[in-house]
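Report on the following structure.
Each value in this text was obtained by applying a stated rule to the coordinates, not by laboratory testing. Here the structure is a predicted model, which is why all the values come from computation and not from measurement. Cβ placement follows ideal geometry from the backbone for every residue including glycine, while neighbour counts extend to all protein chains displayed.
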Amino acid sequence: MAATATERRLFIAGSWVENGDWMDVRSPYSGEVVGRVARGGAKETRRAVDAAVEAMREPLPAHKRAEILVKIAGGLGRRHEEAAQLICAEAGKPLKTARVEASRAMSTYTFAAVEARKLAGEMVPMDAAQAGEGKLAFTLRRPRGVVGAISPFNFPLNLVAHKLAPALAAGCAVVLKPASQTPLSALFLAELAEEAGLPAGWLNVVVGSAGEIGDVLVEDERVAVITFTGSGPVGWKLAERAPRKHVSLELGNATPVIVAADADLDAAAARIAANAFSFAGQSCISIQRVYVERAAYEGLVERLVPRVEALKVGDPADEETDVGPVIDDDARERILEWIAESGGELLTGGDADDEGLIRPTLIANPPPDAKVSCEEVFGPVCTVSAVDSLDEAAALANGTRFGLQAGVFTSRIDSALRLAQELEFGGVTINEAPTFRTDQMPYGGVKDSGNTREGPAYAVRELTEERLVVIEL
Ligand code: NAP
């Protein structure tokens, strides 16, 4: 184990526990052990649900919840570099990107604290109908109940924050199952929550077998909500298995960008190069498909290729690195296979370097049914295809089963607004990469990409339900 390796237990009912079963957390870059984490299963998950149910018997007032959320944000501020180093070590995320994630997690907690303080129902205009005359009615927003949260490896701190912070703001206790490859950041957040004075049971973190933990979250009737971020097949299966729970899904994408002939090509090329390869393309909104009007095709390609070739590939702990490893060998082999079978022309990259890191890869004009054109690559791969019109571009962009975010580069307001309406996505960015996200935005997908919106204000709505109160005057 590395000298700096971290050891963490599970966090259940306010205690750090283990049952003798441990697992190693390894760097995706070096394979070195960067931490050791206690592993739990069905038994620990049931105990965690017991603790969450018990915690919710004594609701925390909104001001207390907000105070705790602010303190966690403060803890993240004080231990910002530690958080970034942890993300870098366990996810292999380049340090400069990991620092951005750590800052964003602070923002997520800060926005959630605001939501805790303003969580309120609304007045119902009862005398708007004759039958309502003489009555007063309003709604209360009540926490739905215990939240089972499941998070992915690629934003091990901030996507966990997007589960925990709104749940606490809404007054819901949580049982969190982080990704097995990246549990350290989640347990670090639990430590900050404990330090911030969160009473026992409001947050429980169980690391271990996805099947065992997931089965308890699905089957235990006391878990009212499942909030899942990860891959589509796992997410939709969970929703199918838990028809009576509120299941929120944040899933994948094959993120498209449309570049009009009238776009500022320097700006478009700079944003595409930066946002197709950051964290080796392992973001659900990493740019994967670029559709450019034929008149601008050569101009875009000649600006894009040198920018992509200038990205520094290497050790994620190196301050200069732009592109590090993908999460594991299976992912690397799959991505290299998809590149090899793409059927397009390789503009740059296409293979792995001496350290086994996939070089940022640009593929020109692959057929629409190639995997790189219609599945989520989740790797440092981007396609660039010439199209004859913006209509064709929109049809191709809409032509997959995904619908998370899409981007448009154009200097014409009419094209921008038309495409914003025609693109079937949860979000459309204009003259900005669709990889753009700040944590107060409503973020989520349509079609196979999900069924919810995250961002504390929106997540709090999902995690609470309205109770109507009618008073006879
Ligand atoms: P994943 O393989 O689906 O895993 C996500 C989480 O689900 C992990 O904690 C995993 O646990 C758990 N899991 C796996 N099988 C399960 C089961 N049967 N029951 C319950 N839980 C189960 O996804 P990933 O590879 O970590 O993440 C990449 C995917 O997430 C991509 O598709 C990406 O687009 C998507 N994503 C979406 C968003 C968004 O906001 N829309 C954000 C980030 C990522 P183990 O780790 O133990 O297997």
Q | Hey, T438 within 15 Å of the chain's Cα centre (by Cα) and of a type in the set (S, T, Y) or not | A | yes
Q: Please enumerate the residues belonging to the range 209-243 that are more than 11 Å from the ligand (Cβ to nearest atom) and either of a type in the set (S, T, Y) or more than 28 Å from W22 (Cβ to Cβ) (or both).
A: E221, R222, A224, V225, A239, E240, P243
Q: Only residues that are free of Cβ contacts under 8 Å to residues at least 40 places away in the same chain and crowded, with 22+ Cβ neighbours inside 10 Å: list them for the range 345-365, please.
A: T361, I363
Q.
Would you confirm, using the coordinates I've provided, whether V308 is crowded, with 21+ Cβ neighbours inside 10 Å, under 25 Å from L404 (Cα atoms), more than 16 Å from the ligand (Cβ to nearest atom) and not acidic (D, E)?
A. yes
Q.
Looking only at the range 149-181, filter to residues that are assigned to a strand (DSSP E or B) and over 14 Å from the mean Cα position of the chain (by Cα); which one of those is farthest from the ligand (Cβ to nearest atom)?
A. V174
Q: Evaluate the range 98-115: report whether one residue or more is in contact (Cβ under 8 Å) with a residue 24 or more places away in the chain, farther than 30 Å from L140 by Cβ, assigned to a helix (DSSP H, G or I) and among the polar types (S, T, N, Q).
A: no
Q: Would you please name the residue that is surrounded by the fewest Cβ atoms within 10 Å (Cβ to Cβ), looking only at residues in the range 411-447 that are outside any loop (DSSP other than H, G, I, E, B) and within 16 Å of the ligand (Cβ to nearest atom)?
A: K447
Q | Counted residues, the range 278-290 - those being over 30 Å from T464 (Cβ atoms) and either within 16 Å of the ligand (Cβ to nearest atom) or surrounded by fewer than 24 Cβ atoms within 10 Å (Cβ to Cβ) (or both) | A | 9
Q) Of all residues in the range 258-277, which are in a helix (DSSP H, G or I) and crowded, with 18+ Cβ neighbours inside 10 Å? A) L265, A268, A269, R271, I272, A273, N275, A276, F277
Q | Filter result for the condition that a residue is of a type in the set (D, E) and in contact with a Lys or Arg (Cβ under 7 Å, 6 or more places away or on another chain), over D351, D329, D414, D391 | A | D351
Q) Which members of the range 237-263 meet the condition of being within 17 Å of the chain's Cα centre (by Cα) and closer than 15 Å to C284 by Cβ? A) S248, L249, E250, L251, G252, N253, A254, T255
(Q) Which residue is farthest from E345 (Cα to Cα), if the candidates are limited to the range 362-402 and must be of a type in the set (D, E, K, R) and assigned to a helix (DSSP H, G or I)? (A) D391
Q | The listed residue being in contact with a helix residue (DSSP H, G or I) (Cβ under 7 Å, 6 or more places away or on another chain) and among the hydroxyl-bearing types (S, T, Y), out of S209, S231, S248 | A | S248
Q.
If V34 meets every condition in (1) over 30 Å from E320 (Cα atoms); (2) under 24 Å from the mean Cα position of the chain (by Cα); (3) among the aliphatic types (A, V, I, L, M) apart from one, which number is that one?
A. (1)
Q: Could you please tell me which pairs satisfy a Cβ distance under 9 Å, a separation of 6+ or placement on different chains, a first residue in the range 366-378 that is free of Cβ contacts under 8 Å to residues at least 60 places away in the same chain, and a second residue that is part of a helix (DSSP H, G or I) and crowded, with 23+ Cβ neighbours inside 10 Å?
A: P366/V372; P366/S373; P367/S373
(Q) Looking at the structure I just gave you, is R241 touching a strand residue (DSSP E or B) at 6+ places or on another chain (Cβ under 8 Å) and either of a type in the set (K, R) or farther than 23 Å from N154 by Cα (or both)? (A) no
Q: Return yes or no: is S342 within 27 Å of N398 (Cβ to Cβ), in contact (Cβ under 8 Å) with a residue 40 or more places away in the chain and not in a helix (DSSP H, G or I)?
A: yes
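Looking for something among the polar types (S, T, N, Q), surrounded by 15 or more Cβ atoms within 10 Å (Cβ to Cβ) and within 16 Å of the ligand (Cβ to nearest atom) - is there at least one such residue anywhere in the range 451-468?
Among the residues of the range 451-468, at least one is among the polar types (S, T, N, Q), surrounded by 15 or more Cβ atoms within 10 Å (Cβ to Cβ) and within 16 Å of the ligand (Cβ to nearest atom), which makes the answer yes.
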Q | Criterion violated by A120 - all others in (1) assigned to a loop (DSSP other than H, G, I, E, B); (2) under 17 Å from the mean Cα position of the chain (by Cα) satisfied | A | (2)
